[in-house]
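First comes the structure, then the notes that go with it.
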Amino acid sequence: MQFNLNINTPSDSESIIYDSLIIGAGPAGVSAAVYLKRKGHTIAIISDEEGGQVATTSSVENYPGFASISGFDLTQSFMQQLNKLAVTHINSRVNGITKNDLFEVTLDSGQVLQSHTVLYAAGATRRKLGAPGEAQFAGRGVAYCSICDGPFFADRDVIVVGGGNSAVESVIDLAKIARHVTLVHRSTLKADQVAIDQMMKLENVTIRLSTVIDEIRGDQLVKDVILRDTSNDTTEEMPIDGIFIDIGSLPRSELAGQLVELNGRKEIVVDALGKTDLKGFYAAGDVTDEKYKQIVVAAGRGASAALAISDELNQRK
Ligand SMILES: Cc1cc2nc3c(=O)[nH]c(=O)nc-3n(C[C@H](O)[C@H](O)[C@H](O)COP(=O)(O)OP(=O)(O)OC[C@H]3O[C@@H](n4cnc5c(N)ncnc54)[C@H](O)[C@@H]3O)c2cc1C
């Protein structure tokens with residue numbers, strides 16, 4: 001998505017040694033940039049998509065200060081704040097990060113930027129189902145976050161796709177809002193038994209195992225899905241208002257994996273201040289092992305990491 005921004009790019013980047021380079025311009029990276037710039041540090045923020053996942057969100061109703069704001073408008077506010085603070089903003093993909101005495105961050109163009117510290121806030125992408133109609137109806141009935149979008153489906157019939165803890169928790173949350181929730185999963189449930197037991201007690205929940213979604217259909221909004229029972233290969237049409245796809249997310253940690261510890265989900269392991277096991281390399285937001293993947297959480301973690309970076313930079317001086 002393109003924003004009409006005054007992007008401040010460095011004219012001769014190679015001669016600058018930055019105090020900190022921030023990779024990612026989602027809420028974690030933007031928040032960190034605001035804090036570090038206001039502390040007087042020499043920084044740049046680098047991203048291949050301004051706003052990150054926020055920019056793809058139709059409506060945000062759980063970020064303080066905004067009863068309801070579109071993801072596009074919230075991203076624009078983030079970017080305007082960076083512009084107002086004259087933050088150097090580099091619109092590029094990062095292709096590599098190495099550490100010698102300094103960190104070296106390689107841009108798509110081949111240009112190498114140097115810094116004393118790095119804040120890695122590259123976020124995540126939601127795992128997609130790959131069903132026909134999924135992309136067409138994203139934000140128009142197809143959703144990826146029950147905490148965020150559940151309230152839009154009050155008294156409606158919805159499906160949750162997935163079989164892990166996150167999907168089962170989504171069912172439990174949505175059952176309080178929606179008229180009826182159907183959990184659809186291709187095999188057996190992998191969630192914790194205690195969560196499954198809680199879900200089983202809910203009267204407005206149906207569980208369909210060994211079932212996949214062959215197609216999502218509608219016109220302006222989703223109207224129905226084609227379900228296939230894989231145990232006998234029969235299909236049926238099911239009218240539905242919303243589909244929550246909850247089959248996990250993929251952290252964009254690929255550039256950090258050689259440098260710092262990742263957990264089994266390939267998330268960067270951080271402490272409460274965003275520190276990793278490599279000195280000077282911090283991470284925040286959805287790319288980390290932070291449990292709650294939300295805008296306000298990412299922004300808060302970005303701020304904490306920025307303040308910790310500022311302390312580290314001040315101690316070095
Ligand atoms: C459809 C949807 C709806 C959502 N709705 C809500 C909601 O209503 N409320 C809520 O609180 N949360 C919501 N979320 C979750 C929320 O968007 C995320 O938790 C939040 O955006 C995470 O912020 P982040 O800064 O960690 O990462 P991201 O937002 O993912 O941003 C990552 C940034 O890193 C950049 N990047 C990654 N790799 C590279 C690279 N190699 N080179 C350069 N740049 C790179 C990206 O371009 C991007 O700028 C939603 C998520 C989705 C997918």
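Return the calculated 222 nm mean residue ellipticity for the chain, to the nearest 500 deg cm²/dmol, obtained by summing -39500 (n - 2.57) across DSSP H runs with n ≥ 4 and dividing by the residue count.
Only helices count here, giving -7000 deg cm²/dmol.
Three principal axis extents, largest first, for the C-alpha atoms of the range 228-312, in Å?
Largest first, the range 228-312 extends 61, 28, 17 Å along its Cα principal axes.
What three numbers, in Å, describe the spread of the alpha carbons of the chain along their principal axes, ordered from the longest?
Each principal axis gives a Cα extent; for the chain these are 66, 38, 34 Å.
About its Cα centre, what dipole magnitude does the chain give when the only charges are +1 on Lys and Arg Cβ and -1 on Asp and Glu Cβ, stated in debye to the nearest 20?
Computed charge dipole of the chain: roughly 640 debye.
Below 14 Å, Cα to Cα, which aspartates and glutamates can LYS37 reach? Residues fewer than 8 away in the same chain don't count.
Straight-distance partners of LYS37: ASP19, ASP311.
For the range 142-245, just the Cα set please: Rg and Dmax, both in angstrom.
Answer for the range 142-245, Rg first and Dmax second: 12.8, 39 Å.
Rounded to a whole number, what % of the accessible area of the chain do carbon and sulfur atoms account for, probe 1.4 Å?
Whole-percent figure for carbon plus sulfur exposure: 47.
For the range 254-306, report the accessible area per residue in Å² (1.4 Å probe, heavy atoms, rounded to an integer).
With all protein chains present, the range 254-306 gives 47 Å² per residue.
Before anything else, pin down the relative contact order of the range 146-251: Cα pairs under 8 Å, at least 6 apart, normalised by residue count, whole percent.
29
Just going by the charge dipole of the range 142-245, with Lys and Arg at +1 and Asp and Glu at -1 on Cβ, which of THR182, ASN165, ILE207 is farthest out on the positive end?
Farthest along the dipole direction, towards plus: ASN165.
Among THR234, THR188, THR125, whose mean-square fluctuation peaks in a Gaussian network model of the chain (Cα, cutoff 10 Å)?
Highest fluctuation among the options: THR234.
The values are calculated or read from the model by the stated rules, or taken from the named source; none is laboratory data. Worth saying up front: this structure is predicted, and the values here are computed from it rather than measured. Using ideal geometry, Cβ is built from the backbone for each residue, glycine included, and neighbour counts are taken over all protein chains shown. Surface accessibility is based on the protein's heavy atoms, side chains included, excluding ligands, DNA and RNA. Shrake-Rupley method; radii C 1.70, N 1.55, O 1.52, S 1.80 Å.
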